[in-house]
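Enquirer: Have a look at this one before I ask anything.
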Amino acid sequence: MAQHELVAAGFGGQGIMMLGKLFAEAGVLEGNYATFLPSYGPAMRGGTANCAIVISNEPIASPVLPHPKVCVVMNLPSLKTFEPLVAPGGILIINSSLIKEKAKRTDIKTIYVPANEIAEKAGMTKAANIVILGIVVKATGAVKVESTKEAIKQTLGEAKAKYLPINLQVLDAGLNFDING
Amino acid sequence: MGEKLLMKGAEAIGEAAIRAGCRHFFGYPITPQNEAPAYMARRLPEVNGTFLQAESEVAAINMLYGCAAAGKRVITTSSSPGISLMQEGLSYIAGSELPVVVMNVVRGGPGLGDIAPAQGDYFQAVKGGGHGDYHLIVLAPSTVQESIDLMQLAFDLADKYRNPVMMLSDGLLGQMMEAVEFPGFVDIEKLPKKPWAADSMQGKRSRNLVNSFDLLPEGLEVMNKKMWAKYADVEKNEVKFEEVETADAEYIFVAYGTVARIIKTVIKDLRSKGHKVGLIRPITLYPFPKKQLLALAENPRVKFFLDIELSFGQMIEDVKLSTEFKKPVHFYGRQGGMLPEPNEISEVMLKLMKEAK
C-alpha cells in the first residue's frame, strides 16, 4: 500500500473536518495507520477550514502535507490556495456547484463535481461533503466502500442512527458519479 | 494492546494518564490543549477520580503539590503561558521531591504568542524554569501513540525519583488525530508504596513532613546534594532516544517531537536519492543523550550535524556541548508557530553537504 494523502478545504460549516475524519476513520477500521491534522486556530463561521489526512500500512512520518497527492476544494478561496500546492500527477477534486472557475494546472487530474446538486438530488442538500467523500474513495482507492459506510455508521452512533440511510444514499450518489467524465 | 482508535492527541494523553494509574487532575484551560481537561472532566468521575478546574494555573500547580504530597498520582496539562505561571510551584515541587506529571502542549511565544505548534519552551523545560538548583525530567513524544506510551513511564519516573516529570508536546501533537492503541490499566493497589507521603500517621509515632525548606545553609546544602545525586542516577539510567538510519550516515539530523517526524519524511526522500543521512531524536530531553551524540561525533564517517527546531535554536546548545565541538553543528529552524516543509529542510541539508565537500 502506498501512502495515501488527502487535503480537504472549504468554508467552515461545509463539513470539511467531518469528510476528513470519516476518510481517516475508514482507514483505521481496516487496521491501517492514519493521521488527521486539522487547521486550528482563531476561526469564524464562514471562514476557511482545512484538514490533512494520511493513511498508510506503515507508521506515518510527517502528518503535514505541503504538497498533497489528492486535494478537495469546496469553495473558490480554497481553489486559489490549494491548486498550486497539489503534487504533480495528483488529483484535484473541485466542487463545481460553488466554484465556476476552472483549474489552470495541466499536470494534475481535475475532477469537477457538482456536489451540492448531487446531494440535493440524493435527498440531503447539506451533505455535499459526503458526496465528495464518495468521490475521494473512488478516485484514491485508499479505503473500501464498506469501511467508509462503517465509519459513517460509527460516527453517527445510535443517537443519530436515523440519518444513516440518507447518508449512505448520498455516499452512493458520490460513488456513482463518473469521475472520468 | 487493544484495538486501533482514531483519537485526538490531547484526549489521548488524558486516557493514557488514567491507564497509568492517575485519578487526579487539576488545571486551568488554555488552547491548544483544552480537549485534555474536557476529556478528564468527563472521564475521571467514571473511575472514581477527581477533576477540578482551578481558579488559575498558580492554584492548579499547588493543588498538584498537595495531591502528590498525599501520595497520589496526579497530572496537569497546560500550554506555554500557563506553564510559565506554574514555574514557582514546580520549583517547590522539585524542592519537596514530589512526583507529579505536567504536560506542556507548547504554543508559539513569547508572551501571549499564538496557538500554533512551537518548541520555544525547551530552555524553560530542560534548564529549570523556576528558581533554584533543580531539574525536571523531560520527555518529548513525537507521535500521539508515543504520547500514550511515554505517559506510564512519566508517572513511573516521577515516583521512582520523587521528581516532577514534564511531557513536552506541541500544538500539532495536541490537536491532530491519529490511529492509536492503548495499554491496559495499571493496578493502583500494586504501585510501590510511598512511606514518605503525608497522608496519615501510617502507624508511626511522628508525622511525615513534606517541604522544600531548611533555613540553615548546612542543611539546605545536604538537601541540594541529595537531589543532585538523584539527577546523576537519572542521567545514568534513564536516557532514551531513537536513531534512524544512523548506521552508515555521514550527515546527522538532530530533532525532537513533531519536527523529528517531518525529518523522517526528509530522510526517506534524501536516502532515495543516495544521500547518507540519518537522525538522532532525543526522547528524553533531560537526561539528554550526551553519550550517543558524542559517539556519533567521534565517528570519522560523520561529517556534521544539522539541528532543526521550531525556535531560533535552544536544544542546539546541548547538542554542541554533548558533541564537544568535534564536528560542526549547523542549525535551521522556523518560528512563531510555522512548520518547515520537508523540501525546505532537504534544501538546507543539500546545501550544507555541498559546502562540506
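The values are calculated or read from the model by the stated rules, or taken from the named source; none is laboratory data. Being a predicted model, the structure only gives us computed values, none of them experimental. A quick note on method: Cβ atoms are made from the backbone with ideal geometry, for glycine too, and the neighbour counts reach across all protein chains shown.
Enquirer: Taking B:Ser147 as the residue in question, decide whether it is touching a helix residue (DSSP H, G or I) at 6+ places or on another chain (Cβ under 7 Å), within 14 Å of another protein chain (Cβ to nearest Cβ) and under 24 Å from B:Ile93 (Cα atoms). Write out each step before concluding.
Expert: Numbers: touching a helix residue (DSSP H, G or I) at 6+ places or on another chain (Cβ under 7 Å): yes; within 14 Å of another protein chain (Cβ to nearest Cβ): yes; under 24 Å from B:Ile93 (Cα atoms): yes.
Here the answer is yes, as B:Ser147 does meet what is asked.
Enquirer: Something else: Which of the residues that make up the range B:207-216 are surrounded by 15 or more Cβ atoms within 10 Å (Cβ to Cβ) and free of Cβ contacts under 8 Å to residues at least 60 places away in the same chain? Full working, then the answer.
Expert: Step one: filter the range B:207-216 for residues surrounded by 15 or more Cβ atoms within 10 Å (Cβ to Cβ), giving B:208, B:210, B:212.
Listed by number, the list holds a single entry, B:Asn208.
Enquirer: Moving on. Read through the list (1) closer than 17 Å to A:Gly13 by Cα; (2) at pLDDT 95 or above, then give the number of the only condition that A:Pro77 fails.
Expert: If we test A:Pro77 against (1) closer than 17 Å to A:Gly13 by Cα; (2) at pLDDT 95 or above, just (2) comes out false.
Enquirer: Still on this model: Any residue in the range A:18-41 that is facing chain B (nearest Cβ under 7 Å) sitting within a Cβ distance under 6 Å of a residue that is assigned to a helix (DSSP H, G or I) and polar (S, T, N, Q)? List the pairs, counting only those 6 or more apart or interchain.
Expert: Once the first residue is facing chain B (nearest Cβ under 7 Å) and sits in the range A:18-41, its partners that are assigned to a helix (DSSP H, G or I) and polar (S, T, N, Q) give A:Tyr40/B:Gln175.
Enquirer: Is there a residue in the range B:245-268 that is within 23 Å of B:Ala154 (Cβ to Cβ), aromatic (Phe, Trp, Tyr) and assigned to a loop (DSSP other than H, G, I, E, B)? So that I can check it myself, show each step before the final result.
Expert: Going through the range B:245-268, the residues within 23 Å of B:Ala154 (Cβ to Cβ) turn out to be B:254-261.
With aromatic (Phe, Trp, Tyr) added as a condition, the list becomes B:256.
Among the residues that remain, those that are also assigned to a loop (DSSP other than H, G, I, E, B) are: B:256.
Among the residues of the range B:245-268, at least one is within 23 Å of B:Ala154 (Cβ to Cβ), aromatic (Phe, Trp, Tyr) and assigned to a loop (DSSP other than H, G, I, E, B), which makes the answer yes.
Enquirer: Then there's this: If you go through the range B:233-256, how many residues are among the small types (Gly, Ala, Ser) and within 12 Å of chain A (Cβ to nearest Cβ)? Even if it seems obvious, please write down each step before you answer.
Expert: At the first step, the residues of the range B:233-256 found to be among the small types (Gly, Ala, Ser) are B:247, B:249, B:255.
Then drop every residue that is not within 12 Å of chain A (Cβ to nearest Cβ), which leaves B:255.
Qualifying residue count, the range B:233-256: 1.
Enquirer: If you take the residues of the range B:166-198 that are more than 14 Å from chain A (Cβ to nearest Cβ), surrounded by 11 or more Cβ atoms within 10 Å (Cβ to Cβ) and out of contact with any helix residue (DSSP H, G or I) (no Cβ under 8 Å at 6 or more places or on another chain), which of them is nearest to B:Ile283 (Cα to Cα)?
Expert: B:Ile188
Enquirer: Could we say that B:Thr50 is within 14 Å of another protein chain (Cβ to nearest Cβ), hydroxyl-bearing (Ser, Thr, Tyr) and surrounded by fewer than 24 Cβ atoms within 10 Å (Cβ to Cβ) here? First the steps, then the outcome.
Expert: Details: within 14 Å of another protein chain (Cβ to nearest Cβ): no; hydroxyl-bearing (Ser, Thr, Tyr): yes; surrounded by fewer than 24 Cβ atoms within 10 Å (Cβ to Cβ): yes.
So B:Thr50 fails the test.
Enquirer: Right, here's the next one. Check off (1) closer than 20 Å to B:Lys264 by Cβ; (2) within 13 Å of another protein chain (Cβ to nearest Cβ); (3) in contact with a Gly (Cβ under 7 Å, 6 or more places away or on another chain) for B:Gly333 and give me the number that stays unchecked.
Expert: Single failed check for B:Gly333: (2).
Enquirer: Additional query: Tell me, which helices (runs of 4 or more DSSP H) lie completely within the range B:37-129 with 1 or more residues that are under 26 Å from B:Arg207 (Cβ atoms)?
Expert: Output list reads B:57-69, B:87-95.
Yes/no matrix, rows are residues, columns are (1) farther than 30 Å from A:Val64 by Cβ; (2) without any contact (Cβ under 8 Å) to a residue 60 or more places away in the chain; (3) of a type in the set (A, V, I, L, M):
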| residue | (1), (2), (3) |
| --- | --- |
| B:Ala197 | yes, no, yes |
| B:Arg205 | yes, yes, no |
| B:Val222 | yes, yes, yes |
| B:Ala232 | yes, yes, yes |
| B:Val239 | no, yes, yes |
| B:Ala247 | no, yes, yes |
| B:Phe253 | no, no, no |
| B:Tyr256 | no, no, no |
| B:Ala260 | no, no, yes |
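Enquirer: Right, next: Within the bounds of the range B:141-160, is there any residue that is part of a loop (DSSP other than H, G, I, E, B), at pLDDT 95 or above and within 28 Å of B:Lys225 (Cα to Cα)?
Expert: Within the range B:141-160, none of the residues are part of a loop (DSSP other than H, G, I, E, B), at pLDDT 95 or above and within 28 Å of B:Lys225 (Cα to Cα).
Enquirer: Could you please let me know if A:Lys104 is assigned to a helix (DSSP H, G or I) and either on the phi > 0 side of the Ramachandran plot or basic (Lys, Arg) (or both)?
Expert: no
Enquirer: In addition: Would you mind finding the one in A:Pro66, A:Pro84, A:Pro77 that is without any contact (Cβ under 8 Å) to a residue 60 or more places away in the chain, over 22 Å from B:Lys4 (Cβ atoms), within 14 Å of chain B (Cβ to nearest Cβ) and surrounded by fewer than 16 Cβ atoms within 10 Å (Cβ to Cβ)?
Expert: Exactly one residue qualifies, and that residue is A:Pro84.
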